[in-house]
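*Asks:* One structure, as C-alpha cells, below. Some questions next.
Please treat every number below as a calculation from the coordinates, not as lab data. Since the model is a prediction, treat every value here as computed from it, not as a measurement. Reconstructed Cβ throughout: ideal geometry from the backbone, glycine too, with neighbour counts over all protein chains shown.
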Amino acid sequence: MTHILVTGGAGFIGTHVTTALLAAGHDVSVLDCGHPYAHAEPPGVPDGVRLHRADLRDRTAAGEALRGVDAVVHQAALVGLGSGPGDLPEYVGCNDLGTAVLLAAMSEAGVRRLVLASSMVVYGEGRYLCARHGPVRPAPREPGDLAAGRFEPGCPHCASPLTAGLVDEETPVDPRSVYAATKVAQEHLASAWQRESGAAVAALRYHNVYGPGMPRDTPYSGVAAIFRSALEAGRAPQVFEDGGQTRDFVHVGDVAAANVAALGVGRGFHPYNIASGRPTTVGEMAGLLADAFGGPRPRVTGRFRLGDVRHVVAAPDRAAAELGFRAGISPADGLREFACAPLRA
Ligand code: UD1
C-alpha cells in the first residue's frame, strides 16, 4: 500500500482526490489549514484519513505530516482573482512559499514523488493563429478595447482578427494574473527541485474544474460556482463580455482520476493539460446551467475583468497518451448534474 499526503485535501478538489486515492487502495493523510478564503467551516476528512490541521508554511508541521509518506499530491493553494492587490502577499505566501517549504521538507524526508495541481492559467491567452503571421501571442487586452466591446484579441503585428486554437503543453507560459504568476512559480520551483533531487513530478494543468461540493460564490470562486450560486439565489447568471469567451469545463471526478493516474509518472518534470477536450463558451455554459436548474435566463452584461483571458482551450492528448487519462464526463452531462448538486458552505 502506498501512503499519500494530500495537501489541501479538505478543499473542493482535494476532497475528491482524497476519496479517489482511498478507492484506489492508497493510505491517505491530509494537510490542510482550513484557510478562511476557502473554508467557511473547519475542514473535515473521511474516516480513516489522518488530518494534519496546519499551514504548509510551517516547516515542522510539514515535516511531521510527511513521516512515512511515499508521495505528495499538492492541491493546497489560493485560487481565483481574489479581491485586489491587497491579497498579493497571501497568494504568494500560501502558493509559492508554501510550495518551497513543502519541497524542502520532502527532500528532508526522502519523498521524491509529487503531483502538483497546476492550472491552465499558466498559458495566459491561449493559442492563436493569424492568417498572415501564423501562430502569435496576443498582448493583454487594453481596457479601452474591452470597454468598447472589442473583446477578441488582435494580431500583435497587424491587428487582424485571430483564430483560437488548442493549447498544448509546449505552449510557453505567460501568466496574466497574480494567481497565474503563483502557479507558474510553483511549476518552476517543482521543476528545479526535481532536477536537484532526481524526483518525479507531474504538473496537472487543470482547466475549469466544476462539480459537487464546489464552494459558493466568493472572490476566489470560478465562474461555474458563481453562476450556480446565482441560480440558487433566484438571480440570473451575469455573463461578462459577450459570452463568447471559450473555456474547457472539466468535472472534478475526472480531475481526481487524473491525479491518481499521475502518481505513476517517471523521473523528470511532466506537465499535462487536464481537460474535457470539449470546449464551451461561457455563454453556453450559463445557458446549460440555467436550463438544467430551471432558473432565470443568463444576462449578457458586456462587463469585463482586466485579469481575464479571452480563450483558453486545451489539447488533452498528452495526458491520454502518457497517463491513460481521458475525461469520462462530458460538460453537457456534468453541468446538468452540477446544476442541482450541493455546493459547499
Ligand atoms: C479559472 C479559475 C482559476 C483556475 C482556472 C482553471 C477563478 C477566478 N479562476 O480561471 O482559479 O485555475 O479556472 O481551473 O477561480 N465570468 C462571467 N461571469 C462571472 C464570473 C466570470 O462571465 O460572474 C467569465 C469571466 O469573464 C471569464 C470566464 O467566465 O471569461 C471564466 O472565469 P473564471 O472561472 O473566474 O476564471 P478562469 O480564468 O477561467
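*Asks:* Calculate how many DSSP beta bridges within the chain are antiparallel, expressed in % of all such bridges and rounded to the nearest 5.
*Replies:* Looking only at bridges with both residues in the chain, the antiparallel portion is about 20 percent.
*Asks:* Right, something else. For region 234-340, count all C-alpha to C-alpha pairs, find those more than 17 Å apart, and express that count as a whole percent of the total.
*Replies:* 59 percent
*Asks:* Enumerate the whole-percent occupancy of each 10 Å bin, from 0 to the last occupied one, for all C-alpha pair distances of region 1-129.
*Replies:* Calculated over all Cα pairs of region 1-129, the distribution is 13, 44, 32, 10, 2, 0 percent.
*Asks:* Arrange the peptides 307-317, 6-16 so that the one whose residues have, on average, the most other Cβ atoms within 10 Å appears first.
*Replies:* 6-16, 307-317
*Asks:* Same structure again: Rounded if a/c is under 1.5, else prolate if a/b beats b/c, else oblate: with a ≥ b ≥ c from the C-alpha gyration tensor eigenvalues square-rooted, which is region 125-186?
*Replies:* Since a/c reaches 1.5 but b/c is at least a/b, the shape of region 125-186 is classed as oblate.
*Asks:* Roughly what % antiparallel, to the nearest 5, for the DSSP beta bridges in region 203-345?
*Replies:* Here the share of antiparallel DSSP bridges comes out near 15 percent.
*Asks:* Rounded, prolate or oblate for region 188-249? Axes are the square roots of the Cα gyration tensor eigenvalues, ordered a ≥ b ≥ c, and the cut-off for rounded is a/c under 1.5.
*Replies:* Because a/c hits 1.5 or more and a/b exceeds b/c, region 188-249 counts as prolate.
*Asks:* Next question. Taking the Cα centre of region 29-104 as the origin, how large is its charge dipole in debye, to the nearest 20, when only Lys and Arg (+1) and Asp and Glu (-1) carry charge on their Cβ atoms?
*Replies:* 180 debye
*Asks:* Express as a percent, rounded to the nearest 5, the fraction of DSSP beta bridges in region 68-174 (both residues included) that run antiparallel.
*Replies:* Given both bridge residues lie in region 68-174, the antiparallel proportion sits at roughly 70 percent.
*Asks:* Which value, in debye to the nearest 20, gives the size of the charge dipole of region 93-188 about its Cα centre, when Lys and Arg are +1 and Asp and Glu are -1 at the Cβ?
*Replies:* Numbers: 9 positive and 11 negative charges, 16 e Å.
It works out to roughly 80 debye.
*Asks:* Would you work out which of LEU116, PRO43, GLY80 lies farthest towards the positive end of the dipole of region 1-122, given +1 charges on the beta-carbon of Lys and Arg and -1 on that of Asp and Glu, about the Cα centre?
*Replies:* LEU116
*Asks:* At what distance in angstrom do the alpha carbon centres of region 248-301 and region 312-338 lie from each other?
*Replies:* Cα centroid of region 248-301 versus Cα centroid of region 312-338: 7 Å apart.
*Asks:* Let me ask something else. Compute the normalised compactness of region 150-204: alpha-carbon radius of gyration over 2.2 N^0.38 Å, N being the residue count.
*Replies:* 1.58
*Asks:* Give the average over all directions of the projected area of the C-alpha convex hull of the chain, one decimal, in nm². Before the final figure, lay out the partial values.
*Replies:* On the way: hull surface 66.6 nm².
Computed as one quarter of the Cα hull surface, the answer is 16.7 nm².
*Asks:* Given springs between every Cα pair under 10 Å in a Gaussian network model of the chain, which of GLU41, GLU284, GLU169 has the largest fluctuation?
*Replies:* GLU41
*Asks:* Let me ask something else about it. Under a point-charge model restricted to the Cβ atoms of Lys and Arg (+1) and Asp and Glu (-1), what is the dipole moment magnitude of the chain relative to its Cα centre, in debye to the nearest 20?
*Replies:* That gives a dipole near 300 debye.
*Asks:* Could you tell me the convex hull volume per residue, in Å³, taken over the Cα atoms of region 77-212?
*Replies:* Convex hull volume per residue, Cα atoms: 149 Å³.
*Asks:* Counting only Cα atoms, I'd like the Rg/Rh figure for region 209-279, Kirkwood definition for Rh.
*Replies:* 1.07
*Asks:* Which one, ARG127, ARG205, ARG59, has the greatest fluctuation when you compute a Gaussian network model over the chain with C-alpha springs under 10 angstrom?
*Replies:* ARG59
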